[in-house]
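These notes concern the structure reproduced below.
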Amino acid sequence: QLHDVSSIHDCKIVLLGDSGVGKSSLVLRFVNNTFSPWQESTIGASFLTKTIVVDDMAYKYQIWDTAGQEKYHTLIPMYYRDASAAIIVYDITKPETFDAVKAWVKELRTMGSPDTVVAIAGNKCDLAENRAVAVESAQAYADEIGALFIETSAKTAENVPEMFRRIPAMLPASV
Ligand code: GDP
C-alpha cells in the first residue's frame with residue numbers, strides 16, 4: 001500500500017500520569033510491540049515515532065514520554081507545546097494514580113493548548129483481580145471532561161493499538 005508522503009499528518013502525542021503507571025511501557029508496546037517487567041521509568045530518548053494508517057489516512061505519531069520528570073511535576077512547556085493529543089495514564093490497582101489524573105488534566109489545560117484532545121488510559125487491566133478503580137468512575141469522569149476512556153494493558157497488549165488508533169477520530173477536522 002502506497003501513501004503520498006505529502007499527505008502524512010504529523011501528530012504529537014504526549015503521555016502524562018504518575019510515575020510507575022506504565023507510560024513508557026505503553027509507548028514501547030505500541031511502537032516496538034515489546035514489554036519488560038523491569039521497564040525503567042525512562043525510554044531515554046525524548047520521543048519515539050511510528051507512522052500508522054487509519055481510514056486511509058497516514059499519521060506520523062511523535063510520541064513523547066516524560067523521562068521521569070513527572071515525579072517532580074516539572075514538565076517543561078516544550079513537552080505540552082503543539083501536542084495534538086495527551087494520553088493521561090493511571091494504574092487501575094492504585095486509586096491515588098486515578099485521583100492524580102485530575103491534576104494532570106489541570107496541568108495540561110494550564111500549560112498546554114485548549115486544542116489538545118485527551119484520552120484517559122486505565123492501565124494494567126491484566127491485574128483486574130486487584131482493581132481499585134471502577135470502570136464506571138473513570139468513564140463518568142472522562143465523559144465529564146469530553147475525553148476518551150479505555151482500559152489497557154501494556155503487558156498483554158490489550159487495547160493498546162486500539163487506543164492509539166482511536167486518536168485520529170478525536171482530532172479537530174483541520175489537523
Ligand atoms: P512509567 O513510570 O509510567 O513510565 O511506568 P513504566 O512503564 O516504567 O512501568 C512501571 C512498572 O509497571 C514496570 O515494572 C512495568 O513493567 C509495569 N507495567 C507497565 N504496564 C503494565 C501493565 O499493563 N501490566 C502490568 N502487570 N505491569 C505493567
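The values are calculated or read from the model by the stated rules, or taken from the named source; none is laboratory data. Because the structure is a prediction, the values reported are computed rather than measured. For neighbour counting, all protein chains shown are included, and Cβ atoms are generated from backbone atoms with ideal geometry for every residue, glycine included.
Evaluate region 138-148: report whether one residue or more is closer than 20 Å to residue 62 by Cα, within 16 Å of the ligand (Cβ to nearest atom) and within 14 Å of the chain's Cα centre (by Cα).
Taking every residue of region 138-148 in turn, none turns out to be closer than 20 Å to residue 62 by Cα, within 16 Å of the ligand (Cβ to nearest atom) and within 14 Å of the chain's Cα centre (by Cα).
In this structure, is residue 59 at pLDDT 95 or above, of a type in the set (Phe, Trp, Tyr) and closer than 14 Å to residue 21 by Cβ?
Numbers: at pLDDT 95 or above: yes; of a type in the set (Phe, Trp, Tyr): yes; closer than 14 Å to residue 21 by Cβ: no.
Spelling it out, it is not the case that residue 59 is at pLDDT 95 or above, of a type in the set (Phe, Trp, Tyr) and closer than 14 Å to residue 21 by Cβ.
Identify all residues within region 129-175 that are in contact (Cβ under 8 Å) with a residue 40 or more places away in the chain and assigned to a helix (DSSP H, G or I); write none if there are none.
138, 141, 145, 160, 161, 163, 164, 165, 167, 168, 169, 170
How many residues, within region 45-84, are closer than 18 Å to residue 167 by Cα and among the β-branched types (Val, Ile, Thr)? Steps first, answer last, please.
Initial filter on region 45-84 (closer than 18 Å to residue 167 by Cα): 47-65, 80-84.
Still in the list and also among the β-branched types (Val, Ile, Thr): 49, 51-54, 63.
Of the residues in region 45-84, 6 are closer than 18 Å to residue 167 by Cα and among the β-branched types (Val, Ile, Thr).
For region 77-94, state whether one or more residues are surrounded by fewer than 13 Cβ atoms within 10 Å (Cβ to Cβ) and modelled with pLDDT of 95 or more.
Within region 77-94, the subset surrounded by fewer than 13 Cβ atoms within 10 Å (Cβ to Cβ) is 77-78.
The next check asks that each one be modelled with pLDDT of 95 or more; those that pass are none.
There is no residue in region 77-94 that is surrounded by fewer than 13 Cβ atoms within 10 Å (Cβ to Cβ) and modelled with pLDDT of 95 or more.
Only one of these conditions is not met by residue 100: (1) in contact (Cβ under 8 Å) with a residue 60 or more places away in the chain; (2) within 27 Å of residue 9 (Cα to Cα); (3) under 16 Å from the mean Cα position of the chain (by Cα). Which number is it?
(2)
Please verify whether residue 136 is surrounded by fewer than 21 Cβ atoms within 10 Å (Cβ to Cβ) and either modelled with pLDDT of 95 or more or touching a Pro at 6+ places or on another chain (Cβ under 6 Å) (or both), treating the condition exactly as stated.
Spelling it out, residue 136 is indeed surrounded by fewer than 21 Cβ atoms within 10 Å (Cβ to Cβ) and either modelled with pLDDT of 95 or more or touching a Pro at 6+ places or on another chain (Cβ under 6 Å) (or both).
Of the residues that sit in region 53-97 and are within 14 Å of the ligand (Cβ to nearest atom) and free of Cβ contacts under 8 Å to residues at least 24 places away in the same chain, which one is nearest to the chain's Cα centre (by Cα)?
Looking at residues that are within 14 Å of the ligand (Cβ to nearest atom) and free of Cβ contacts under 8 Å to residues at least 24 places away in the same chain, I get 69.
Examine region 39-56 for a residue that is of a type in the set (S, T, N, Q) and at pLDDT 90 or above, and state whether such a residue exists.
Filtering region 39-56 for residues of a type in the set (S, T, N, Q) gives 39, 41-42, 46, 49, 51.
Subset that is at pLDDT 90 or above: 49, 51.
Checked region 39-56: at least one residue is of a type in the set (S, T, N, Q) and at pLDDT 90 or above.
Could you please let me know if residue 126 is of a type outside the set (A, V, I, L, M), in a helix (DSSP H, G or I) and within 16 Å of the ligand (Cβ to nearest atom)?
Details: of a type outside the set (A, V, I, L, M): yes; in a helix (DSSP H, G or I): yes; within 16 Å of the ligand (Cβ to nearest atom): yes.
Considered against the rule, which asks whether it is of a type outside the set (A, V, I, L, M), in a helix (DSSP H, G or I) and within 16 Å of the ligand (Cβ to nearest atom), residue 126 comes out as yes.
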